[in-house]
Amino acid sequence: EAQVTQNPRYLITVTGKKLTVTCSQNMNHEYMSWYRQDPGLGLRQIYYSMNVEVTDKGDVPEGYKVSRKEKRNFPLILESPSPNQTSLYFCASSLLNDDFSYEQYFGPGTRLTVT
Amino acid sequence: SQQGEEDPQALSIQEGENATMNCSYKTSINNLQWYRQNSGRGLVHLILIRSNEREKHSGRLRVTLDTSKKSSSLLITASRAADTASYFCATDAGPGGGFKTIFGAGTRLFVKA
């Protein structure tokens with residue numbers, strides 16, 4: 001089954017304790033992206049990747065790191081989480097069409113609480 | 001920066017009625033897409049409309065795009081209770097804009113049975 005998986009689905013942690021949220025897709029997609037969703041703000045893009053070893057900042061990259069060492073995986077790293085990073089996080093992936101359009105497939109989300 | 005603005009923020013209708021949601025954006029785009037989200041779950045892609053297209057249909061969905069007004073609308077005809085969800089527009093600027101995706105804040109649709 002074609003899918004985007006995220007782990008963990010729920011995480012409660014404390015300020016400053018490094019954490020990684022994993023994202024994996026089995027569709028051989030080039031494009032992968034991380035978003036955070038906060039009430040009333042819609043989704044805001046954190047980082048995205050056009051392919052292996054190619055990553056770029058979205059609108060809210062501060063406090064986050066990513067890496068794309070393999071095509072299928074795109075982990076999100078919070079080196080020193082703070083309470084303002086409490087949010088619902090989504091990973092997404094897509095094929096890049098010939099005209100540079102892309103339709104994203106989303107993972108189920110990771111609800112992160114930082115106390 | 002949040003580019004897409006959706007209107008209305010919330011919409012409540014009876015089953016069988018049509019629902020129209022609007023999206024406005026600020027800069028040039030390559031494509032505009034609409035997504036649906038059920039109650040905190042992952043988003044599901046509904047339809048993509050390219051900047052050189054004006055209208056697109058998919059089942060009960062009709063999307064229009066007016067690049068001169070930087071706006072799009074999503075029409076759901078003959079709505080069903082199962083259409084209850086949040087709907088988001090998303091824009092991307094393509095290679096010229098670095099492939100960033102910008103989502104609007106969404107419209108919450110409630111369809112009463």
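The values are calculated or read from the model by the stated rules, or taken from the named source; none is laboratory data. Quantities reported herein were computed from a predicted structural model and do not represent experimental measurements. No Cβ is skipped: glycine too gets one built from the backbone with ideal geometry, and neighbour counts run over all protein chains shown. Please note that ligands, DNA and RNA were not included when accessible areas were found on the heavy atoms of the full protein model with its side chains. Shrake-Rupley method; radii C 1.70, N 1.55, O 1.52, S 1.80 Å.
Numbers below:
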| item | result |
| --- | --- |
| Trypsin sites (Lys or Arg not before Pro) within the range B:80-110: DSSP coil, no more than 15 neighbouring Cβ in 10 Å | B:Arg80 |
| C-alpha center-to-center spacing [the range A:3-76, the range B:93-113] in angstrom | 18 |
| Sites matching trypsin sites (Lys or Arg not before Pro) across the range B:13-52 that sit in DSSP coil, with at most 16 neighbouring C-beta atoms within 10 Å | B:Lys26, B:Arg41 |
| Amide hydrogen neighbours beyond the local backbone of B:Ile29, cut-off 5 Å, H modeled | none |
| Nonlocal amide H pairs with A:Arg68, under 5 Å, H built at 1.01 Å | A:Glu53 |
| Other protein chain Cβ atoms within 10 Å, averaged over every residue that makes up A:40-50 | 5 |
| Other protein chain Cβ atoms within 10 Å, averaged over every residue that makes up B:86-99 | 3 |
| Nearest-10 value in Å² for the accessible area of B:Ile47, using the 1.4 Å probe | 10 |
| List B:His45, B:His57, A:His29, ordered by accessible area with a 1.4 Å probe, largest first | B:His57, B:His45, A:His29 |
| Spin-label model distance (nm) - A:Lys69 vs A:Val54, 7 Å beyond Cα toward Cβ | 2.1 |
| Amide hydrogen neighbours beyond the local backbone of B:Gly106, cut-off 5 Å, H modeled | B:Glu6, B:Cys89 |
| Per-residue HN-Hα couplings for the range A:91-96 [Karplus 6.51, -1.76, 1.60; θ = phi - 60°; Hz; x = Gly/Pro] | 9, 9, 9, 7, 6, 9 |
| Under Karplus coefficients 6.51, -1.76 and 1.60, residue-wise ³J(HN,Hα) of the range B:102-110 in Hz, glycine/proline x | 10, 9, x, 7, x, 10, 8, 9, 10 |
| 3J(HN,Hα) from dihedral phi, the range A:41-55, Karplus parametrisation 6.51/-1.76/1.60, rounded to Hz, x for glycine, proline | 10, x, 9, 10, 7, 9, 9, 9, 9, 7, 4, 4, 6, 10, 10 |
| Peptide ranges A:4-10, B:64-70 listed from the most packed, as the mean C-beta count within 10 angstrom indicates | A:4-10, B:64-70 |
| Number of partner chain Cβ atoms within 10 Å, mean per residue of A:107-113 | 2 |
